[in-house]
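These notes are about the structure you will find just below.
The values are calculated or read from the model by the stated rules, or taken from the named source; none is laboratory data. This structure is a prediction, so every number in the text was calculated from the model and none was measured. FYI the Cβ positions are ideal-geometry reconstructions off the backbone, even for glycines, and counts take in every protein chain you see. All accessible areas refer to the heavy atoms of the entire protein, side chains included, with ligands and DNA or RNA removed. Shrake-Rupley method; radii C 1.70, N 1.55, O 1.52, S 1.80 Å.
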There are 2 protein chains.
Amino acid sequence: MPDFLRTVPPGDDRERLTCPDCGFVAYENPKIVVGSVVSEGGRILLCRRAIEPRRGFWTLPAGYMEMAETVEEGARREAWEEARARIALDGVLAVYSIARIGQVQVIFRAGFESPGFEAGPESLEVRLFGWDEIPWEEVAFPSVHWALRHWREREGRPLAAPATNPPDDPRGSRPPPRQAGL
Amino acid sequence: MPDFLRTVPPGDDRERLTCPDCGFVAYENPKIVVGSVVSEGGRILLCRRAIEPRRGFWTLPAGYMEMAETVEEGARREAWEEARARIALDGVLAVYSIARIGQVQVIFRAGFESPGFEAGPESLEVRLFGWDEIPWEEVAFPSVHWALRHWREREGRPLAAPATNPPDDPRGSRPPPRQAGL
């Protein structure tokens with residue numbers, strides 16, 4: 001990578017990474033994670049991560065949105081890639097911001113479109129958990145906790161306006177939950 | 001900009017822009033637009049664009065989200081930059097995808113936190129419009145039409161699950177509305 005400098009491009013109002021040779025401006029934008037709380041009969045689909053960060057911990061089927069897809073297509077793609085599940089989206093459950101890492105998460109509520117699931121290449125294991133079976137100490141990220149809680153608040157009811165960050169963490173700046181000894 | 005090549009990086013599953021000299025991978029990610037339908041007494045705040053694309057056409061206060069901010073902070077920042085308005089967000093009204101340009105729009109419903117507004121540097125003019133006064137032929141983008149319609153459907157009622165793309169345009173692929181003769 002060239003030695004980019006942080007300068008304010010003409011007409012802009014903040015510093016950007018700029019190539020001093022050719023003037024190319026490498027705009028840094030927040031990235032979008034799309035994912036789903038997929039449930040069946042009150043049990044929730046979780047994936048045990050085969051990759052870092054948080055390898056071995058449980059997460060929702062979710063990942064970075066790609067170019068040229070919609071948020072809905074991205075959420076369905078991630079469910080397929082990580083859990084080999086074909087899912088049907090019900091609506092947006094939550095929109096979270098993790099400001100310190102420039103991330104926005106769009107989390108859907110979903111069910112299965114067709115039966116069956118298994119671990120994809122980025123998962124060690126995929127399972128349905130009843131609410132009381134969820135391994136809370138081994139949940140990978142704070143936002144997975146938030147999404148599960150928001151899902152639970154709405155279980156069996158029509159979706160309302162999407163949840164956003166919890167009031168005590170409006171910028172998503174708290175550290176991940178305590179690591180369990182995996 | 002260096003002569004990047006489209007190749008599949010090790011461990012990836014699709015082509016990315018890669019520098020043949022140093023191996024730097026320029027991941028292209030969808031960009032997030034944050035904006036608001038701001039209303040007071042049934043009238044809606046619109047901004048006449050001072051910049052391309054669609055200079056001279058009317059739009060919502062909205063723009064690209066920056067790093068290190070939340071979607072809520074971004075929406076408030078844009079209302080200030082484009083309309084010198086201090087707004088209070090009510091919740092997420094809509095999440096739209098414009099897949100062909102890799103864009104996701106998160107649109108809030110909002111009111112004024114304090115009175116007053118005026119054109120910021122990217123606006124020629126800022127006005128409150130009653131529903132029947134909106135210059136529909138001079139609305140800048142299809143998604144502004146969608147957001148106004150979704151706002152209207154919920155006017156005076158609690159927010160429900162956010163609207164998404166209209167059923168006849170799930171990927172945001174239709175052209176902009178017919179240009180009015182401005």
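Here are a few things to note about the model shown:
- Amide hydrogen proximity for A:Ser123: with H placed 1.01 Å from N in the peptide plane, the residues at 5 or more positions away or on another chain lying under 5 Å are A:Ala50.
- Taking trypsin sites (Lys or Arg not before Pro) across segment A:93-182, the ones in a DSSP loop with at most 10 further Cβ atoms lying within 10 angstrom of their Cβ are A:Arg178.
- If both residues of a DSSP beta bridge must be in segment A:31-157, then about 70% of such bridges are antiparallel.
- Taking amide H atoms as placed 1.01 Å from N in the peptide plane, the amide H of A:Lys31 lies under 5 Å from those of A:Gln103, A:Val104, each 5 or more residues away in sequence or on another chain.
- Cα gyration tensor, segment A:102-182 - rounded (a/c under 1.5), prolate or oblate: oblate
- Measuring spread by the Cα atoms of chain B yields a radius of gyration and Dmax of 18.3, 59 Å.
- Antiparallel DSSP beta bridges within the protein assembly as shown, percent to nearest 5: 75
- Chain A: angle of helix A:71-83 to the longest principal axis, Cα-based, in degrees nearest 10: 60
- Loss of accessible area when A meets B, both sides summed, Å² nearest 100, probe 1.4 Å: 3300
- Sulfur and carbon atoms: percent of accessible area, chain B [1.4 Å]: 49
- In Hz, Karplus ³J(HN,Hα) per residue of segment A:9-18 (6.51, -1.76, 1.60; θ = phi - 60°; x = Gly, Pro): x, x, x, 9, 10, 8, 5, 10, 6, 10
- The GluC sites (Glu not before Pro) of segment B:92-182 meeting both criteria, a DSSP state outside H, G, I, E and B (loop) and at most 14 other C-beta atoms within 10 angstrom of the site's C-beta, are B:Glu113, B:Glu118, B:Glu155.
- Placing a label point 7 Å from the Cα of A:Pro166 along the Cα-to-Cβ direction, the distances to the matching points in the other copies come to 4.0 nm, shortest first.
- Unit Cα scatterers, Debye sum, the protein assembly as shown: log10 I(q)/I(0) for q = 0.07, 0.08, 0.13 Å⁻¹: -0.33, -0.43, -1.11
- Springs join every pair of Cα atoms under 10 Å in this Gaussian network model of chain B, and among B:Gly23, B:Gly102, B:Gly35 the largest mean-square fluctuation is at B:Gly23.
- Surface analysis of the protein assembly as shown yields an accessible area of 48 Å² per residue, using protein heavy atoms and a 1.4 Å probe.
- Selected from B:Met65, B:Ile134, B:Phe108, residue furthest toward positive end of dipole (chain B; charges at beta carbon): B:Ile134
- Projecting 7 Å from Cα along the Cα-to-Cβ direction, the label point of A:Val8 sits 4.5 nm from its equivalents in the other copies, listed shortest first.
- Note on the protein assembly as shown: with charges restricted to the Cβ of Lys and Arg (+1) and Asp and Glu (-1), its dipole about the Cα centre is near 560 debye.
- Sorted from shortest to longest, the distances between the B:Ile101 label points of this copy and the other copies are 2.9 nm, with each point 7 Å from Cα along the line through the beta carbon.
- J(HN,Hα) series, segment B:141-151, from Karplus relation 6.51 cos²θ - 1.76 cosθ + 1.60, nearest Hz, glycine and proline x: 9, x, 5, 5, 4, 4, 5, 5, 5, 5, 4
- Residue mean of other protein chain beta carbons inside 10 Å, B:98-105: 4
- Amide H to amide H, with H built 1.01 Å from N, A:Arg84 comes under 5 Å of A:Glu118, A:Gly120, counting only residues 5 or more places away or on other chains.
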